[in-house]
Amino acid sequence: QVQLVESGGGVVLPGGSLRISCAASGFTFSSYAMHWVRQTPGKGLEWVAFVRYNGDNYHADSVKGRFIISRDNSKNTLYLQMNNLRPEDTAVYFCAKLCNGGSCYIDFWGQGTLVTVSS
Amino acid sequence: DIQMTQSPSSLSASVGDRVTITCRASQGISNSLAWYQQKPGKVPELLIYAASTLQSGVPSRFSGSGSGTDFTLTISSLQPEDVATYYCQKYNSAPWTFGQGTKVEIK
């Protein structure tokens with residue numbers, strides 16, 4: 001069965017960096033596009049970044065130039081490198097698998113990892 | 001960028017009521033719209049994709065409709081286990097914007 005397990009969250013100072021990971025199993029990771037989506041405690045969902053199977057990527061304007069999505073298909077792992085973190089980046093970060101197709105929806109979500117940016 | 005606007009932001013209804021949530025895109029997105037359900041303390045789950053296709057395993061009391069800019073999610077007979085926040089999301093192109101969510105409670 002599909003599993004997505006995020007890790008690497010924690011507390012970081014404003015201006016600091018953090019890399020979170022998502023270990024995928026139960027499907028052919030190298031064939032699927034993936035998202036990072038975040039949710040501020042008690043608030044809604046915000047799309048953060050997207051990466052195709054081949055590494056082509058997009059980032060939300062709110063994180064462009066600070067966050068970088070990447071993947072290692074040999075390790076079945078998705079990453080989000082977060083630099084110059086701000087208090088407003090505090091959120092639960094979910095990795096999400098897309099369906100198989102050109103324009104695709106999320107068909108499976110990980111459990112999330114909490115990132116707290118605070119002094 | 002295309003904005004996604006959901007209404008209402010919250011609603012309270014009785015068990016057995018018909019509930020309708022709307023999602024409006026600021027520009028046409030064809031039928032590239034998904035609905036997700038997030039129960040309290042849980043991870044979001046896919047309910048509907050392609051605006052009206054029910055994900056496998058989702059109860060038939062859920063339905064979706066619409067195309068272009070206006071979409072609806074309907075629960076034909078609200079059940080206690082449907083208490084959740086519901087989100088729409090466009091997926092035709094970047095950015096993959098979510099609506100702000102609709103919180104559904106039991107009266």
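Do you know the relative contact order of chain B, to the nearest whole percent, from alpha carbon pairs under 8 angstrom that are 6+ apart?
Details: 276 pairs, mean separation 40.6, N = 107.
That works out to 38 percent.
Give me the log10 of I(q) over I(0) for the stretch B:5-107 at q = 0.15, 0.20, 0.25 Å⁻¹, as the Debye formula computes it from C-alpha points; what are the numbers?
Per q value, in the given order, log10 I(q)/I(0) is -0.54, -0.96, -1.48.
Evaluate E = 1/(1 + (r/R0)^6) for B:THR20 and A:SER17, where r is the Cβ-Cβ distance and R0 equals 30 Å; express this FRET efficiency to the nearest 0.05. Don't skip to the answer; put the middle values down first.
On the way: r = 45 Å, r/R0 = 1.49.
Given R0 = 30 Å and the Cβ-Cβ separation, E is 0.10.
Ignoring solvent entirely, what values of log10 I(q)/I(0) come out of the Debye formula for the protein assembly as shown at 0.14, 0.17 Å⁻¹ when each Cα is a single scatterer?
Cα-only, vacuum Debye calculation for the protein assembly as shown: -0.86, -1.23.
If you average 1/r over all unlike Cα pairs in chain A and invert the result, what Kirkwood radius do you get in angstrom? Show your work: numbers first, answer last.
On the way: mean 1/r = 0.0706 Å⁻¹.
Radius from the Kirkwood sum: 14.2 Å.
Please name which of B:GLY101, A:GLY42, B:PHE62 has its Cα lying farthest along the dipole of the protein assembly as shown towards the positive end, using unit charges on Cβ (Lys, Arg +1; Asp, Glu -1) and the Cα centre as origin.
My answer, from the dipole projection, is A:GLY42.
Could you work out how much longer the chain between B:LYS107 and B:SER77 gets when fully extended? Use 0.36 nm per residue separation minus the Cα distance between them, nm to one decimal. Don't skip to the answer; put the middle values down first.
Working: separation 30, 0.36 × 30 = 10.80 nm, distance 1.36 nm.
Extra length from B:LYS107 to B:SER77 when fully extended: 9.4 nm.
Here, each number is a calculation from the coordinates, and none is a lab measurement. Bear in mind the structure is a predicted one, so any value in this text is a computation, not a measurement. In this analysis, Cβ positions are derived from the backbone assuming ideal geometry, glycine residues included, and neighbour counts consider all displayed protein chains.
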